[in-house]
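Undergrad: Take this structure first; my questions come after.
The values are calculated or read from the model by the stated rules, or taken from the named source; none is laboratory data. In this text, all values refer to a predicted model and were calculated from it rather than measured experimentally. When we count neighbours, we look across all protein chains shown, and the Cβ atoms used for this are built from the backbone with ideal geometry, even at glycine.
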Amino acid sequence: MVLLLSYFQIVFPAKISNQPLEDILNDVSLVCLGSLGDLTLAYDAGKAAGYLLKKEGYDAYVVGVLDTLSLDDKEPFHRVNNSAYITAHVYSLFSKGLLSAGIIPIFDGRVIDKEIIYSLNTRNATYPIVVETESEKEKLDKYKGSIILKDELEGYIDRVKLFWNLKEVDVEAIRMKILKNSIIWLGGEEKIYVNQIFRNDGLIIFSKDILGYARDVLEGYEPATGRKPW
């Protein structure tokens with residue numbers, strides 16, 4: 001068995017994705033997940049993303065940075081929420097979804113919020129964190145999971161890669177459910193805004209694909225179940 005595993009590790013070296021989530025699940029970003037009224041849908045997002053990644057031959061996925069959303073973020077769609085608790089909860093659920101599809105979740109340790117680390121520890125969501133230097137590694141001494149140097153990441157994933165996969169996932173149904181559940185009504189002007197977060201009024205959606213549904217929300221036929229993440 002050891003020889004067989006070694007053979008597969010040599011012939012099929014680890015393949016790791018760090019694509020933005022919205023490039024995998026069209027229009028579903030991390031901040032979209034952080035806006036969900038039903039946060040458990042983050043698990044479904046991980047399952048769908050993992051299913052697609054596995055089909056492309058990936059073994060692991062860099063979920064995101066360990067940082068919260070702030071109003072001055074240059075990459076707000078690559079953050080989950082301004083709450084460390086909610087960020088850790090979404091990361092935990094999303095990572096479990098990835099695992100169900102045979103994809104190893106990895107956290108990006110370039111930016112560290114200690115409250116997120118604490119929340120991940122309390123949830124036993126201690127998936128590998130990748131860092132670039134030993135000094136960054138030392139800052140994570142309270143983390144209960146593995147901390148891997150970037151140069152050693154591929155070898156690490158080679159040793160722990162998962163060999164199962166999901167046979168079939170209705171990715172589009174999951175995507176639409178998430179996009180509808182993350183619609184945010186801020187009050188005031190009855191106008192629809194696509195991906196224009198940090199606003200003070202209007203209806204915020206994360207995809208033009210649900211414009212018709214969003215109009216039904218404005219007209220009172222459907223609820224706006226999303227929650228403001230900033």
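Undergrad: Any idea which of (1) of a type in the set (Phe, Trp, Tyr); (2) more than 30 Å from Lys228 (Cα to Cα); (3) part of a loop (DSSP other than H, G, I, E, B) is the one Tyr156 doesn't satisfy?
TA: Answer for Tyr156: the failing condition is (3).
Let's see how each residue does on (1) more than 18 Å from the chain's Cα centre (by Cα); (2) at pLDDT below 95:
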| residue | (1), (2) |
| --- | --- |
| Glu138 | yes, yes |
| Val160 | yes, no |
| Leu166 | yes, no |
| Ile174 | no, no |
| Ile204 | yes, no |
| Val217 | yes, no |
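Undergrad: Quick one: how many residues across the stretch 139-153 are part of a loop (DSSP other than H, G, I, E, B) and either farther than 20 Å from Leu120 by Cα or acidic (Asp, Glu) (or both)?
TA: 1
Undergrad: Any idea which of (1) part of a helix (DSSP H, G or I); (2) surrounded by fewer than 23 Cβ atoms within 10 Å (Cβ to Cβ) is the one Ser95 doesn't satisfy?
TA: (2)
Undergrad: How do the pairs read when you match residues in the stretch 127-148 that are hydrophobic (A, V, I, L, M, F, W, C) with residues anywhere that are part of a loop (DSSP other than H, G, I, E, B), using Cβ under 6 Å and keeping only pairs 6 or more apart or on different chains?
TA: Ile147/Leu140; Ile148/Pro128
Undergrad: Just checking, does the stretch 75-85 include any residue being under 26 Å from Ile178 (Cα atoms) and surrounded by fewer than 16 Cβ atoms within 10 Å (Cβ to Cβ)?
TA: Yes: the stretch 75-85 contains one or more residues that are under 26 Å from Ile178 (Cα atoms) and surrounded by fewer than 16 Cβ atoms within 10 Å (Cβ to Cβ).
Undergrad: Only one of these conditions is not met by Leu179: (1) of a type in the set (A, V, I, L, M); (2) out of contact with any Leu (no Cβ under 8 Å at 6 or more places or on another chain); (3) not in a helix (DSSP H, G or I). Which number is it?
TA: Status for Leu179: all satisfied but (3).
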